[in-house]
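One structure is given here, and the rest of the page talks about it.
The numbers here are math on the coordinates, done by the rules we state, and not lab data. Fair warning: this is a prediction, and the values are worked out from it, not measured in the lab. A quick note on method: Cβ atoms are made from the backbone with ideal geometry, for glycine too, and the neighbour counts reach across all protein chains shown.
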Amino acid sequence: MDNVLEVKNLTLNFGGLQALDNVSLEINKGEIAALIGPNGAGKTTLFNCLTGIHKPAAGDIILHPPQGKSRRLNNFKINQITTLGIARTFQNIRLFGGMTVLENVMIGRHCRTGAGIAGAILRDKSTRHEENLIVNESYCILEKIGLNIYVNDLAKNLPYGAQRRLEIARALATDPFLLLLDEPAAGMNPQETKELEDLIYSLRDDHNLSILLIEHDMKLVMNLAQNIFVLDYGEEIARGTPQEICRNPAVIKAYLGVEASAEYN
């Protein structure tokens, strides 16, 4: 399989704390992979490096787009990385609560629009056409995610599980080929989690996505992931298939525990 992302020996320090210590991973085209570990292990910090929020002290982040040349992302800005094809959701929901569901998704399309300030002011034919396309494309995404029934509702009024899905919809609106999901099942009930699992599979297949998720719901991880990377105190302690990870003594000790390991074997 072809890599879409390579992380090589990534290191990041916050003062005297080494948040990431020579972390490496690879994500293959069409793969669903998972990043797991205890709270404070460095998982979200790694996502922040991949999306330009943090600048690593050492190491390399190499993106291999489906079209175009490979890029080293270390010094790219957040908007540049989004434009290249990486999108993410956040552990803590970050929707625009006072805007409608449709408007939240439309915001995600901003990086793919061509109209500038002049177009917004003059409202020429080309700009109006582009705006209509954005509305139609955003509504199609809501249909795919199953949120079109909420299209004109304020985001803050959605049920919790629907808000989680709306974050995914907004990320999809940026037209990514690599999707990073930060604890997408957090706070969901079992039925919502099963629906999320089905959604992630369909997104991978229908949108030709590669997906890397951080998740504490190990049943979801074991069902979805083809490969799992495990961090502890900013270091990689294991990588492998779900079967290999749930039998790994270091992972059992640091994270899973004996009972959970037995459950997934």
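General remarks:
- The label point for A186 and the one for N132, both projected 7 Å from the Cα toward the Cβ, are 4.1 nm apart.
- Here the residues L25, L180, L154, ranked from fewest to most Cβ neighbours within 10 Å of their Cβ, fall in the order L154, L25, L180.
- Computed extension gain for F14 through K125, at 0.36 nm per residue and net of the alpha carbon distance, reaches 35.0 nm.
- Per the Debye calculation on the chain with a single equal scatterer at every Cα and no solvent contribution, log₁₀ I(q)/I(0) for q = 0.10, 0.11, 0.12 Å⁻¹ amounts to -0.52, -0.63, -0.75.
- Charge tally in the Cβ shell below 14 Å around R72, where Lys, Arg are +1 and Asp, Glu are -1, R72 excluded: +3
- Positive-end residue of H54, A238, N79, charge dipole of the chain with Cβ unit charges: N79
- Which listed pairs, of K29/K253; K194/K219; K43/K156; K8/K43, have C-alpha distances above 20 Å, in listed order: K29/K253; K43/K156
- Excluding same-chain neighbours fewer than eight residues apart, the aspartates and glutamates reachable from K55 by a Cα-Cα span under 17 Å are E6, D21.
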